[in-house]
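The values are calculated or read from the model by the stated rules, or taken from the named source; none is laboratory data. Please read all numbers here as calculations on a predicted model, not as lab measurements. All Cβ positions, even for glycine, are placed from backbone atoms using ideal geometry, and neighbour counts span all protein chains on display.
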Amino acid sequence: MALNGDLSTMGLEDILQWLAVGKKTGVLELKGALHTKRVSFLDGRITSVWSSDPREYLGQYLLAFNRITEEQLRDALATQEDEQQLLGRILINRHRITEAEIRRIVQMKVEESIFDTFLWGMGTFEFHDGAAPHQRSMLLSLDVTGIVLEGARRLDDWKRIRKVIHGGDAVLVAVSEAIAEHLPLSREDAEILARLDGRRKVDQLVLELRMPEFKVNRLLFDLHEKGLARLLDGGGHLGEHPSLHLQRARILVEKQKLQEAQEELRRILQEQPRNADANQMLTVVQNLLEETRLNQDLIPELAVSMDVLMTADLYPNEAFLASRVNGVWSIRDILSIAPFEPEECLGIFSKLLKRGVLKTSKPAQSDDRPTASV
């Protein structure tokens, strides 16, 4: 029996339970506004999850738990490309982490990836009966019931959170006098409060802390409820549009997923060739795509002082990449450890170069000194 449709008509909870009760083996493909995920099943139990969202890669989780450094991740990924081994196996062989720790973090990664899907506002699903996973990974055997219960609970919490924190562009500030009355703080509360300077957006906190979006929003919501943080801007300014397809294209452009945005806009224009918004957006996207053809071996350097950089009006993903520029790593090196897709990173680098925030130099060749270029 084939199973496919829209998540708005058949919820993820019902889909997962149907697969578990039927003891199904195969791959459930979930396509959202920004990302695709594939959940593999064996006899109704979850064995692995693949996600196109770089924030859900194993390396990002290892960084979040301070199990490895960005330098160690970059080196391990280079080895993985050469030797075609699983990242976890490479790190185990190098004694960076134990097999038990890897398995624990992989299970958490799989669960968080599915929990995140419960929060999608739009998406489609299709179950490929009998299909094998598309990727090599450490296999698990997870019961669906607990995941469904936690996913439903998070969805309820998310609705409450979104009544206060409307989007990733929200901004909060720590209330120092209230914090003094609640000492000592938990490690997570202290870490996030230290970053609430009245300028950082929620999206930037998610990137800096490398925590799942839900967890950061939940921590902020609780701090706000306790009076330890004050909301300066509730966010949610992207706005709604009657066309879900155009809304998806706008989100893709915002995330610098330009090729996908171009495809989405072309689909809109096939049906509505005179759609002014879609035509205007397509022109912008095509111009941006022209700017993303960078030599990834170039070494980016700051073209402004650190003081200027700190006060520059940068989006969270732009600030994240700019903070990784050290005059040693190439664009390719930074792409390998960033929680964004390569296309998005290249678009950001192009934008920062055009704005004069960054400059690039060629990698040194033997006795040659780097030559500045833009």
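Could you please find all residues in the range 37-77 being in contact (Cβ under 8 Å) with a residue 12 or more places away in the chain, out of contact with any strand residue (DSSP E or B) (no Cβ under 7 Å at 6 or more places or on another chain) and polar (S, T, N, Q)?
Of everything in the range 37-77, those that are in contact (Cβ under 8 Å) with a residue 12 or more places away in the chain, out of contact with any strand residue (DSSP E or B) (no Cβ under 7 Å at 6 or more places or on another chain) and polar (S, T, N, Q) turn out to be Q60, Q72.
Give me the helices (runs of 4 or more DSSP H) completely within the range 41-101, filtered to those with at least 3 residues that are closer than 15 Å to P339 by Cα, ordered by residue number. Step through it out loud before you land on a result.
Values: elements: 58-64, 70-83, 87-93.
Hits in the range 41-101: 58-64, 70-83.
Is there a residue being of a type outside the set (F, W, Y) and over 26 Å from M122 (Cβ atoms) anywhere in the range 265-283?
Looking for residues that are of a type outside the set (F, W, Y) and over 26 Å from M122 (Cβ atoms), one finds none in the range 265-283, hence no.
Filter the range 126-149 down to the residues that are aliphatic (A, V, I, L, M) and in contact (Cβ under 8 Å) with a residue 12 or more places away in the chain and list them by number.
First, the residues of the range 126-149 that are aliphatic (A, V, I, L, M): 131-132, 138-140, 142, 144, 147-149.
Selection gives A131, A132, M138, L139, L140, L142, V144, I147, V148.
Within the range 192-229, work out how many residues are of a type in the set (K, R) and part of a loop (DSSP other than H, G, I, E, B).
Number satisfying all stated conditions: 2.
Looking at the range 160-193 only, could you name the residues that are small (G, A, S) and under 21 Å from E318 (Cα atoms)?
Within the range 160-193, G167, G168, A170 qualify.
Does L314 satisfy being farther than 26 Å from E264 by Cα and either under 21 Å from the mean Cα position of the chain (by Cα) or at pLDDT 95 or above (or both)?
Yes, satisfied.
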